[in-house]
Every structure is written in C-alpha cells, then in structure tokens.
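J.: This is the structure, below, for whatever I ask next.
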Amino acid sequence: MAKMRKKSDLPTKPCAACGRPFAWRKAWAKVWDDVRYCSDRCRKEKGKVTPPHPKG
Ligand SMILES: [Zn+2]
C-alpha cells in the first residue's frame, strides 16, 4: 500500500508572481489572508516594472 499521509496540513496558495504554490508559514500567521507571494523576491518581481523585451 502506498503512503497517503501528508507531511503537514498547512494551507497553501499559489504565488501571485511565479504561480507556484507555497505553504503557510508561522511568520504569516496573522497576515496569511494578505500574503500573495511566496517570497520577498517574488513580491519585488511583481512590484517592479518589467521592461519590454527587445527580442523574444
Ligand atoms: Zn513566487
């Protein structure tokens, strides 16, 4: 029989920048509803203006 147990029951949500699901963190306990990015890097990536690509 295969193991079907999860390591944890922490909630997850997709990152608004990279789209990858990230798990609840203790640091986000009070702001989990407000968290949209998996990391500061993604938040900055999303916040900064992306310059137009000169070439594909
Ligand atoms: Zn991300």
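Each value in this text was obtained by applying a stated rule to the coordinates, not by laboratory testing. Please read all numbers here as calculations on a predicted model, not as lab measurements. FYI the Cβ positions are ideal-geometry reconstructions off the backbone, even for glycines, and counts take in every protein chain you see.
J.: Enumerate the aspartates and glutamates that Lys26 could reach by cross-link, defined here as Cα to Cα under 18 Å, with residues fewer than 8 away along the same chain left out.
T.: Hits, sequence-local ones excluded: Asp9, Asp34, Asp40.
J.: Pull up all non-local amide H partners of Lys13: gap of 5 or more, or a different chain, and H-to-H distance under 5 Å with H placed in the peptide plane.
T.: Phe22
J.: Cβ under 11 Å from Phe22's Cβ, Phe22 left aside: what net charge do those residues give with Lys, Arg +1 and Asp, Glu -1?
T.: Values: positive: Lys13, Arg20, Arg25, Arg36; negative: none.
Around Phe22, the surrounding residues sum to +4.
J.: Also: Lys44: which aspartates and glutamates have alpha carbons under 15 Å from its alpha carbon, excluding same-chain residues fewer than 8 sequence positions away?
T.: Excluding near neighbours in sequence, the set is empty.
J.: Under the rule of at least 5 residues apart or a separate chain, name every residue whose amide H is placed under 5 Å from the amide H of Cys18.
T.: Amide H to amide H, under 5 Å and 5 or more residues apart or across chains, Cys18 pairs with Cys38.
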